[in-house]
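The values are calculated or read from the model by the stated rules, or taken from the named source; none is laboratory data. Owing to the predicted nature of the structure, the values given are computational and were not obtained by experimental measurement. All Cβ positions, glycine included, derive from the backbone under ideal geometry; neighbour counts span all protein chains shown. Ligands, DNA and RNA are excluded from the accessible area calculation, which covers all protein heavy atoms including side chains. Shrake-Rupley method; radii C 1.70, N 1.55, O 1.52, S 1.80 Å.
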Amino acid sequence: MPAPLTWTNRDQLQNIARSQGFTANWNAVPAGHSVFVSGLATDLPTNATAVFVCVAKPGDTSLTVPPYVLANFAATRARTLQSRGAIYVGSWPIGSPVQLRLRV
């Protein structure tokens, strides 16, 4: 089992402005692995949930999630039990992910 990557700016991403997006930085990715950045937000009063997954190119050490990806995420509410948001950064043993282009 290879050692996990190191998410170097994790502590700086405690509060994210949806209108600005964010950049995740990492190092020490195991050879032959691709890095993914994913996020989840749920809002109980409106029963809304949003999820995203972005995959970095092999060899990259950062990935920027643009504002349009976060546009449909509900803002976190002041009452902790009403909403949740989380970001995950990890790696998969996929050396060459397939690039998918979607048109609007």
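Within the bounds of region 79-94, is there any residue that is outside any strand (DSSP E or B), within 15 Å of Trp7 (Cα to Cα) and at pLDDT below 95?
Residues of region 79-94 that are outside any strand (DSSP E or B), as a first pass: 79-82, 93-94.
Applying the additional criterion that residues be within 15 Å of Trp7 (Cα to Cα) yields none.
No, every residue in region 79-94 fails to be outside any strand (DSSP E or B), within 15 Å of Trp7 (Cα to Cα) and at pLDDT below 95.
Give me a count of the residues in region 30-43 that are over 14 Å from Ser96 (Cβ atoms) and in contact (Cβ under 8 Å) with a residue 60 or more places away in the chain.
Residues in region 30-43 being over 14 Å from Ser96 (Cβ atoms) and in contact (Cβ under 8 Å) with a residue 60 or more places away in the chain: 1 in total.
Just to be sure I understand the filter: pairs with C-beta atoms under 9 Å, separated by 6 or more residues or on different chains, first member in region 1-23 and farther than 16 Å from Val37 by Cβ, second member of a type in the set (Gly, Ala, Ser) and not in a helix (DSSP H, G or I). Which pairs pass?
Pro2/Ala31; Pro2/Gly32; Pro2/Ser91; Ala3/Ala28; Ser19/Ala71
Within region 71-104, how many residues are over 30 Å from Pro30 (Cβ atoms), open to solvent by 100 Å² or more (accessible area, probe 1.4 Å) and free of Cβ contacts under 8 Å to residues at least 24 places away in the same chain?
Residues flagged as over 30 Å from Pro30 (Cβ atoms), open to solvent by 100 Å² or more (accessible area, probe 1.4 Å) and free of Cβ contacts under 8 Å to residues at least 24 places away in the same chain within region 71-104 amount to 5.
What about Ser38, is it at pLDDT 90 or above and either hydroxyl-bearing (Ser, Thr, Tyr) or in contact with a Cys (Cβ under 9 Å, 6 or more places away or on another chain) (or both)?
Details: at pLDDT 90 or above: yes; either hydroxyl-bearing (Ser, Thr, Tyr) or in contact with a Cys (Cβ under 9 Å, 6 or more places away or on another chain) (or both): yes.
Considered against the rule, which asks whether it is at pLDDT 90 or above and either hydroxyl-bearing (Ser, Thr, Tyr) or in contact with a Cys (Cβ under 9 Å, 6 or more places away or on another chain) (or both), Ser38 comes out as yes.
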